[in-house]
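Asks: One structure is given below, represented as structure tokens, and several questions about it will come after.
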Amino acid sequence: MKFVIDTNIAFSAVLNTESKIGDLIMNSHEIFEFHACDTLRSELKKHRPKLLEFSKTSEEQLDQSEYQITNCLTFTNEALIPFEFWAGAANLVRDIDMNDIAFVTLAQFLSVKLWTGDRELMKGLARKGYTNFITTDELYKLRSLLEQ
């Protein structure tokens, strides 16, 4: 089963690899396949100073956390996604947060759910009838069911 993860999920996992989110990403490879856009790599670099500050770790420890998380993801170059998926996603996120367009686009392109913790994004998408997303708690429960 495949999912697209967005920036807030990746940041949470990098900040605490032993969290529920880190556990799901790093210990579910036999059940789930996680995808992300190349944009995520840029976001990790752009926000590195904040990640260092919040993590209260050394640069080496942060590098290790980033590696552990990104190594569990399959990355897609956004340039490979046809325009119609971008247009559809733009209509969905335009008045919510355009920073999420690449992740919504990739989820639509792959026909999979978006794993996000962004409540405003979920509420905004749901208002537009788009419910193709999953929360951390829902994903955790799903993994528990599938492991049985």
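Asks: I'd like the distance separating the alpha-carbon centroids of segment 71-148 and segment 11-57, in whole Å.
Replies: Measuring centre to centre over Cα atoms gives 16 Å.
Asks: Kindly express, to the nearest 10 degrees and within the range 0 to 90, the angle between helix 101-110's C-alpha long axis and the longest C-alpha principal axis of the chain.
Replies: With rounding to tens, the tilt is 80 degrees.
Asks: Quick one: Cα convex hull volume of segment 81-122, Å³ per residue?
Replies: On the way: hull volume 2.5 nm³, N = 42.
Output value, Cα hull per residue: 59 Å³.
Asks: If you don't mind, there's one more thing I want to ask. Among Lys2/Lys45; Lys113/Lys141; Lys20/Lys46; Lys2/Lys113, which pairs are too far apart, with a Cα-Cα distance over 18 Å? Provide the component values of the computation, followed by the final result.
Replies: Numbers: Lys2/Lys45 25 Å; Lys113/Lys141 15 Å; Lys20/Lys46 25 Å; Lys2/Lys113 8 Å.
Beyond 18 Å: Lys2/Lys45; Lys20/Lys46.
Asks: Can you tell me the 0 to 90 degree angle between the C-alpha axis of helix 136-147 and the longest principal axis of the chain, rounded to 10?
Replies: 80
Asks: Then there's this: Quick one: helix 59-70 against the long Cα principal axis of the chain, what's the angle to the nearest 10°, folded into 0 to 90?
Replies: Once rounded, the angle reads 40 degrees.
Asks: Here is a follow-up. Place a +1 charge on the Cβ of each Lys and Arg in the chain and a -1 charge on the Cβ of each Asp and Glu, then give the dipole magnitude about the Cα centre in debye, rounded to the nearest 20. It would help to have the intermediate numbers written out before the result.
Replies: Details: 16 positive and 22 negative charges, 81 e Å.
Computed about the Cα centre, the dipole is about 400 debye.
Asks: Quick check: convex hull over the Cα atoms of the chain, volume per residue in Å³, rounded to an integer? Each step should come with its number before you reach the end.
Replies: Working: hull volume 15.9 nm³, N = 148.
Expressed per residue, the convex hull around the Cα atoms of the chain is 107 Å³.
Asks: Which translational diffusion coefficient, to the nearest whole µm²/s, is obtained for segment 17-67 from the Stokes-Einstein equation, given a Kirkwood hydrodynamic radius over C-alpha pairs, 37 °C and 0.692 mPa s?
Replies: Numbers: Rh = 12.2 Å.
My calculation gives 268 µm²/s for D.
Each value in this text was obtained by applying a stated rule to the coordinates, not by laboratory testing. Just so you know, these numbers come straight off a predicted model, no measurement behind them. Here Cβ is always computed from backbone atoms with ideal geometry, including for glycine, and neighbour counts include all displayed protein chains.
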